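One structure is given below, encoded as structure tokens.
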Amino acid sequence: MNNDLRAELIQRAIRAKETSYSPYSKFRVGAAVLTGDGEIFSGCNVENASYGLAICAERNAIFQMAFAGKRKIVAVAVTSDETTFITPCGACRQVISEFAGPGTEILLITKNKKIKSVKFGKIFPAPPSLEKLKK
Ligand SMILES: [Zn+2]
């Protein structure tokens, strides 16, 4: 990923956070995914009075990507209002694994714009083998 794309991916995640609908937790999250053909899709977390119906920013972004017909993620950016790094939850890691591989870059961005890059395989080392379901 070149530096321009990386910078844009980060900016899109930060901008997405601004649209977070999180009146219950007050925990705003923004995410953006970069596809194999260089497109970026972003999303924010959206909560609901029925708490279990909330959707995370990462899945929001990924589902928009899928709706646009894209199927390959090469990088993900995630940010919040925390000064520490937050990582995708277990459900989002599973959804990321559908469209990404162990080498996919996960960029974690703090409120103060500190950035940490981790490979997806490091935070989700053993995805379930569900290839059979795709046949
Ligand atoms: Zn999540």
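The values are calculated or read from the model by the stated rules, or taken from the named source; none is laboratory data. Just so it is clear, the model here is predicted, and its values are computed rather than measured. Because the Cβ atoms are built from the backbone with ideal geometry, glycine has one as well, and the counts that use them run over all protein chains shown. Surface accessibility is based on the protein's heavy atoms, side chains included, excluding ligands, DNA and RNA. Shrake-Rupley method; radii C 1.70, N 1.55, O 1.52, S 1.80 Å.
Residue-by-condition table, conditions (1) among the β-branched types (V, I, T); (2) modelled with pLDDT of 95 or more:
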| site | (1), (2) |
| --- | --- |
| G69 | no, yes |
| T87 | yes, yes |
| N112 | no, yes |
| G121 | no, yes |
| L133 | no, no |
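So, of the residues in segment 90-111 that are assigned to a loop (DSSP other than H, G, I, E, B) and among the β-branched types (V, I, T), which turns out to be farthest from I55 (Cα to Cα)? First the steps, then the outcome.
Taking segment 90-111 as the starting set, the residues that turn out to be assigned to a loop (DSSP other than H, G, I, E, B) are 100-104, 110-111.
Among the residues that remain, those that are also among the β-branched types (V, I, T) are: 104, 110.
Values: T104: 22, T110: 20 Å.
Of everything passing the filter in segment 90-111, T104 is farthest from I55 (Cα to Cα).
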Under 8 Å between Cβ atoms, which residue pairs at least 6 apart in sequence (or on different chains) link something in segment 112-127 that is in a loop (DSSP other than H, G, I, E, B) with a partner that is small (G, A, S)? F124/S97; P127/S97
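If you take the residues in segment 95-110 that are over 22 Å from N2 (Cβ atoms) and either in contact with a strand residue (DSSP E or B) (Cβ under 7 Å, 6 or more places away or on another chain) or open to solvent by less than 60 Å² (accessible area, probe 1.4 Å) (or both), which one is farthest from the ligand (Cβ to nearest atom)?
Restricting attention to segment 95-110, the residues satisfying the condition of being over 22 Å from N2 (Cβ atoms) are 95, 97-98, 110.
If we keep only those that are either in contact with a strand residue (DSSP E or B) (Cβ under 7 Å, 6 or more places away or on another chain) or open to solvent by less than 60 Å² (accessible area, probe 1.4 Å) (or both) too, we end up with 95, 97, 110.
Values: V95: 8, S97: 13, T110: 18 Å.
Per the stated criteria, the residue is T110.
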Taking segment 53-94 and keeping only residues that are within 15 Å of T110 (Cβ to Cβ), open to solvent by 50 Å² or more (accessible area, probe 1.4 Å), of a type in the set (S, T, N, Q) and within 15 Å of the ligand (Cβ to nearest atom), one is left with T87
Of the residues in segment 15-33 that are buried (at least 18 other Cβ atoms within 10 Å of the Cβ) and of a type in the set (V, I, T), the one that is nearest to the chain's Cα centre (by Cα) is V33
